[in-house]
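So the structure is just underneath, and the comments pick up after that.
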Amino acid sequence: MKPVRWNWFWIFLLFPILVFASCTSNLGSLEDWLGVLNVSDAPRVLTFTPTSDANNVDPKTNISIVFSHPMSIQSCVSGFSLEPAVRGSFETTDLTLKFSPKGELPSGGYIVRLTKQCEDKSGKDLDRVYTIPFRVGEKEIPEPPTVASILVLSGTEVECLAGGNAVDLLLDDTSPVCSGTPGPPAIQVRFSKPMNQAEIGLGLRMEPAVSYRLEWENPSQLRILPDSLFLPETRYHILIPKGVHSLDGGEFSETFRQGFLVGNVSDPEVIGFGLESQNCGLGIQELGSTTGARWDSGICFWSEGMPILSPHAYQFRGGDDTTGDSAIPSACADVNTDNFRIFFNQFMDTTSVIGATRLSKISPPSTNIRLSSWVWSHCQTVPPFGCQELTYLYAESEASCNGSLFGNITTGGDFNLSASALAPNFYPYYEFRLEQEAKSILGKRMKSAFVIQVEAK
């Protein structure tokens, strides 16, 4: 009975081995599995990655080897070679060796060799020299990104101040671009594919130099937001340098350059002058008189297109009523019959206008006049702001408010010119002057000073 049991044991043991010996599979050869089972004493390689004769291998591949026995792994590193030679680094365990190339492998054929110098921990050499050829496929080069559109705001001066019309510079680079809309006009740039935003931020520039910030609307689209208005009648260029990448690795094959011309902007001008008491102003009463007007007329002194008449034709009344005295607030409160009002064809830089304004008495005796306050109106609420209408409140030291001194905090201020109700004809004359240093929000100065003389009556 004992010999019978022994024979059945060998039958069951050898049957699966015979099956494995008669076929091949991805699980390895019979000898490989005998190595795993330690039936064979010599160490051997169980798997190579990439496999022998592999094609179109990824250029980023690593080369990995799995052994059947714990190895003296440094001997295997010494026995490893890759042809053509490539720099890289090793990662190892007792049973594995991985070689990672420093960079992507160029396309072409390669051979991995592992010699019998590689031995296990007991000193046994590798069962044979391994030679594993493989081929790296051609790297797919992404299409280079392109600029798909550049939208700018264009139009006449009036259209630009109303927001402008969107124009694609790639389709039309002849239309004049808005200097302001009324604030600094944004430029929208759209790319053909998602871009490396950091590289765009570093590489994109404008000439002449402009201070701006970038606002990404999505990975393929951004807005250039200038910090200031474009200079009129100036050609600008948008540049994106060669080598800037898209997210898929494509890159600009050459420097992109697109120009545009900012349109002309008219010079700022005074288009009306009168008094607050005349209800003179933009959108209310903008017309002047060809024959003259008084402080109680329902018409301005002057408006654009009319000749400027003699001082006697333009009569205002000093707000002082002679009832004031030292430290007494009488006659100090504002009376609008001597509040001059001026309005412009453009939004003006408020600081430059105030600084360029002069009011003086040209009839003797001389006097001391100062600007007590002012009120801007018809202003825009977006950068660079600016206003079109200004009302001046003047004080005169000869007025009775606070005696011979200007009114102060004790009197609640001083806002009137001297009393003129009893003044004779043709006296006194005052001159209002706005120097040409006054400029619009677009940076343009007046071509000439605005000067008009008026009579206090």
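Before moving on, here are some points about what is shown:
- First in the range 121-138 and outside any loop (DSSP other than H, G, I, E, B), second anywhere and hydroxyl-bearing (S, T, Y), Cβ under 6 Å, 6 or more apart: I132/S52; F134/Y110; V136/S107
- Members of the range 344-379 found to be of a type in the set (K, R) and either closer than 22 Å to L282 by Cα or in contact with a Lys or Arg (Cβ under 6 Å, 6 or more places away or on another chain) (or both), listed by number: R358
- Test: residue in the range 398-413 that is more than 23 Å from G281 (Cβ to Cβ), assigned by TED's automatic domain parsing to the domain that holds G319 and in contact with a helix residue (DSSP H, G or I) (Cβ under 7 Å, 6 or more places away or on another chain): no
Residue by residue, here is whether (1) buried (at least 17 other Cβ atoms within 10 Å of the Cβ); (2) more than 50 Å from the chain's Cα centre (by Cα) holds:
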| position | (1), (2) |
| --- | --- |
| V57 | yes, no |
| I63 | yes, no |
| G79 | yes, yes |
| A85 | no, no |
| G88 | no, no |
| E91 | no, no |
| S107 | no, no |
| Y110 | yes, no |
| E119 | yes, yes |
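- Residue satisfying condition, being of a type outside the set (D, E, K, R) and under 16 Å from F406 (Cβ atoms), within set L282, L371, L309, L287: L371
- Single unsatisfied condition, S149 versus (1) under 26 Å from F256 (Cα atoms); (2) outside any strand (DSSP E or B): (2)
- Subset tally (residues that are more than 13 Å from N279 (Cβ to Cβ), hydrophobic (A, V, I, L, M, F, W, C), surrounded by fewer than 21 Cβ atoms within 10 Å (Cβ to Cβ) and touching a residue at least 24 places away in the same chain (Cβ under 8 Å)) for the range 289-312: 1
- When we screen S277, S297 for residues that are among the hydroxyl-bearing types (S, T, Y) and either within 44 Å of the chain's Cα centre (by Cα) or part of a loop (DSSP other than H, G, I, E, B) (or both), the only hit is S297.
- The set of residues in the range 187-214 being in a loop (DSSP other than H, G, I, E, B) and farther than 13 Å from V262 by Cα consists of S192, K193, P194, N196, L204, A209, V210, S211.
- From the list G413, G355, G403, the one residue that fits, being buried (at least 19 other Cβ atoms within 10 Å of the Cβ) and touching a residue at least 24 places away in the same chain (Cβ under 8 Å), is G413.
- The number of residues in the range 93-104 that are within 43 Å of the chain's Cα centre (by Cα) and surrounded by 16 or more Cβ atoms within 10 Å (Cβ to Cβ) comes to 1.
Residue by residue, here is whether (1) surrounded by 13 or more Cβ atoms within 10 Å (Cβ to Cβ); (2) in contact with a Leu (Cβ under 7 Å, 6 or more places away or on another chain); (3) at pLDDT below 95; (4) under 30 Å from R235 (Cβ atoms) holds:
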position: V152; (1), (2), (3), (4): yes, yes, no, yes
position: T156; (1), (2), (3), (4): yes, no, yes, yes
position: G183; (1), (2), (3), (4): yes, no, yes, yes
position: R190; (1), (2), (3), (4): yes, no, no, yes
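- Within the option set G283, G274, being surrounded by fewer than 15 Cβ atoms within 10 Å (Cβ to Cβ), more than 30 Å from G203 (Cβ to Cβ), assigned by TED's automatic domain parsing to the domain that holds I342 and of a type in the set (G, A, S) holds for one residue only, G283.
- Residue in the range 262-277 that is under 18 Å from V375 (Cβ atoms), of a type in the set (G, A, S) and at pLDDT below 95 present: no
The values are calculated or read from the model by the stated rules, or taken from the named source; none is laboratory data. Keep in mind it's a predicted model, so treat the numbers as computed, not measured. Note that each Cβ is placed from the backbone with ideal geometry, even for glycine, and that neighbours are counted across all protein chains shown.
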